[in-house]
Amino acid sequence: MALCRGDANASSCAACVRVAFRAAGQSCPNATGVTMYEDGCVLRYANHQFLDFLSTWQVGELSIKTGWALRSIPAVAVAQFSAAATAILTAVSDRALAAASSSSNSTTNARKYFATGEVDFDPRIYVLAQCVPVLTPAQCSGCLGELLVQIKLQLGTKPPYVTSRVEWCDLRYSVRPFYQGQAMLQLEPPSATPETTRAEKKKTSVAGISVGVVCSLVVLISALAGFVFIRFRRRIKSTKHDNPFKKISRTQCVIFDLTALEEATENFSQRNKLGEGGFGAVYKGILQDGQEIAVKKLVGTAGHGLHQLQNEVLLLAELQHKNLVRLQGYYSNRDHTLLVYEFIKNGSLDNFLSDTREGHTLVWEQQYNIILGIAKGILYLHEDSSMRIIHRDLKPNNILMDEDMEPKIADFGLARLLGEGHTHTKTSGAAGTPGYMAPEYVYHQRVSPKIDVFSYGVLLLQIVTRRRECWSDDSNTVNLITEVWNHWKKGTISHMMDQTLNEDTRDQQLRCVHVGLMCVQADPADRPEISTVIFMLTRDNMELQAPEEPAFFFGSSSYGRNLHPCSRASANTSFVSVEDISVNGVTMTEPYPR
């Protein structure tokens, strides 16, 4: 029996089951009955019929996992946190049961007991509930109820995340998002405790003394409000077509007013400029309510497909993942196109590579978390979002770090917004940054998810070796891929790593290098899918095949592989011309399913 988490897609589900089955054989050799729990799936096999529990239901042995968050909950808020967690856990369990009832038909196997939810508490609480489809509603309810009892025992003593599982059902909560997509259920925080209520009453009694004074001002304020309304009514009508700060209900995307963005960025002052890339410059801004934002001024969109651009921005605003920078809104007309993002205080990953200053040095745990977080963000773009997005420009400058050093991919979807002809150098052809572009994309402009996998492989090698640059214009300088491959073949790859790491951590680091080399293979078919990359990084017992010589390797005699991704490239040309390579004039379209 195998059951994947309800938010998993087909490829990640299959990969999880394969890993669990292989791990079962390695961890429990010669065992005739095994149950394996992975984060994304549960697997059980035995030499006897174990689905006959339908007549005599027993929950079985529980698996409880607890842990601590990066920031603790104040003692005064523990009771409120427990109440909020209990409420959302109960509501999501009920929602999972209701989902199965609405999805079931004449066959029992058609049920899908799965639900997610969150409650707007500080910190926000995320919950997931799921049962095996062959359970009856009463059995699923009883199974989740048993898990909820166990979780309640942990509340207040081991916050703020708990995973409670058996092979038949799963109930867990955390203060960080751990499932894909938006929550199926959202709750408001519970009402205040009696102590809080008494405090509020005391404040109310004090405030009541001022009621008379406040009431005496109501008439004056009303008159003033009427005057303001009449005075500016025409101005509001004249600017109504701009829809300043209009909320789009389905995406919660704000259409900003140009004047507001100019004021927030001090008219796009150079001192507020955060950086500049091929798609435009980014400026820091502060709105009137004090909210910090990042505003990107796009280039190359004036007067072209404005309606289509607005529709695609609204689609991008629906993308929500903890490893993506959130798009908050936009402004566009025939002269300007501005995208408004959340402001990430720690800046880009580029600032932390090769920087040994105090406070900027990354420990291995942070590096590994960044490597894994970027992969999860790419997986969401490729497979789990409402539309498949291929980033095409993954590099350290486009990976931003939040307060908890969680990576967030920026500029996702810009290549899609600006069309196939817009590039890093504002020319037609391949859009991206030299050194991170896959060979089939550089030479033939063939686009597939594997070009992001290649860029990710370069990024991974940079993070492990802490190299800020991955390539050089100097043809005599060895690039990063070449240096890593040379050490890998010689068995001296540890020379490029942190020598202070312990043995366990070094093994994990070596595994990351191995995966990185697999991602930069010359043939796209040899590169793993990003879902497989995540399993290879997180499952130490998963065997990895030996990598072949990577693309853009200097010193190889194999034809085409020793070419630098930007060799003989010109900023004024739309293609990469290389001596001894004939140009094939045939164009090819390679369709692939969603």
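The values are calculated or read from the model by the stated rules, or taken from the named source; none is laboratory data. In this text the structure is predicted, and so the values were computed from the model without any measurement. So basically every Cβ, Gly included, is an ideal-geometry build from the backbone, and we count neighbours across all protein chains shown.
Among the numbered conditions (1) part of a loop (DSSP other than H, G, I, E, B); (2) free of Cβ contacts under 8 Å to residues at least 60 places away in the same chain, tell me where TYR126 comes up short. Failing condition for TYR126: (1).
The condition (being at pLDDT below 85, under 30 Å from the mean Cα position of the chain (by Cα) and more than 17 Å from TYR126 (Cβ to Cβ)) is satisfied by just one residue among ALA69, ALA15, ALA100: ALA100. Residues that are at pLDDT 90 or above and either crowded, with 18+ Cβ neighbours inside 10 Å or not in a loop (DSSP other than H, G, I, E, B) (or both) do not occur anywhere in region 417-431. Condition check for ASP39 on (1) closer than 28 Å to PRO189 by Cβ; (2) at pLDDT below 70; (3) not in a helix (DSSP H, G or I): one failure, at (2).
Conditions (1) of a type in the set (A, V, I, L, M); (2) over 22 Å from GLU276 (Cα atoms); (3) at pLDDT below 80; (4) crowded, with 19+ Cβ neighbours inside 10 Å, marked per residue:
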site: GLY300; (1), (2), (3), (4): no, no, yes, no
site: ARG326; (1), (2), (3), (4): no, no, no, no
site: SER332; (1), (2), (3), (4): no, no, no, yes
site: ASP335; (1), (2), (3), (4): no, no, yes, no
site: VAL340; (1), (2), (3), (4): yes, no, no, yes
site: THR361; (1), (2), (3), (4): no, yes, yes, no
site: GLU365; (1), (2), (3), (4): no, yes, no, no
site: ILE371; (1), (2), (3), (4): yes, yes, no, yes
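Take the residues in region 24-52 that are surrounded by 15 or more Cβ atoms within 10 Å (Cβ to Cβ), in contact (Cβ under 8 Å) with a residue 60 or more places away in the chain and over 27 Å from the mean Cα position of the chain (by Cα), then tell me which one is farthest from LEU135 (Cα to Cα). So, considering only residues that are surrounded by 15 or more Cβ atoms within 10 Å (Cβ to Cβ), in contact (Cβ under 8 Å) with a residue 60 or more places away in the chain and over 27 Å from the mean Cα position of the chain (by Cα), the one farthest from LEU135 (Cα to Cα) is THR35. Give the residue that is surrounded by the fewest Cβ atoms within 10 Å (Cβ to Cβ), with candidates limited to residues of region 521-542 that are more than 22 Å from the chain's Cα centre (by Cα) and closer than 22 Å to LYS450 by Cα. The selected residue is ALA525. Among the numbered conditions (1) modelled with pLDDT under 70; (2) surrounded by fewer than 16 Cβ atoms within 10 Å (Cβ to Cβ), the only one that THR259 does not meet is (1). Criterion applied to THR239, THR251 was being modelled with pLDDT under 70, out of contact with any Pro (no Cβ under 9 Å at 6 or more places or on another chain) and exposed (fewer than 14 other Cβ atoms within 10 Å of the Cβ), and the one residue passing it is THR239. Take GLN139 and tell me if it is among the polar types (S, T, N, Q), modelled with pLDDT of 75 or more and within 23 Å of ASP39 (Cβ to Cβ). Considered against the rule, which asks whether it is among the polar types (S, T, N, Q), modelled with pLDDT of 75 or more and within 23 Å of ASP39 (Cβ to Cβ), GLN139 comes out as no.
Can you find a residue in region 270-282 that is at pLDDT below 70 and in a loop (DSSP other than H, G, I, E, B)? There is at least one residue in region 270-282 that is at pLDDT below 70 and in a loop (DSSP other than H, G, I, E, B).
Does region 307-323 contain any residue that is at pLDDT 50 or above, over 29 Å from GLY377 (Cβ atoms) and among the charged types (D, E, K, R)? No: zero hits. Going by what's in this entry, would VAL447 be described as of a type in the set (Val, Ile, Thr) and in a helix (DSSP H, G or I)? When the stated conditions are applied, VAL447 does not pass them.
Each row is one residue, and each column tells you yes or no for (1) farther than 22 Å from LEU314 by Cα; (2) modelled with pLDDT of 85 or more; (3) under 15 Å from the mean Cα position of the chain (by Cα).
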{"site": "ARG388", "(1), (2), (3)": "no, no, yes"}
{"site": "LYS408", "(1), (2), (3)": "no, yes, yes"}
{"site": "ALA438", "(1), (2), (3)": "yes, yes, no"}
{"site": "HIS444", "(1), (2), (3)": "yes, no, no"}
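Say we look at region 490-520 and pick out the residues that are touching a Leu at 6+ places or on another chain (Cβ under 9 Å) and in a loop (DSSP other than H, G, I, E, B); which of these is nearest to ILE451 (Cα to Cα)? By that ranking, first place goes to VAL520.
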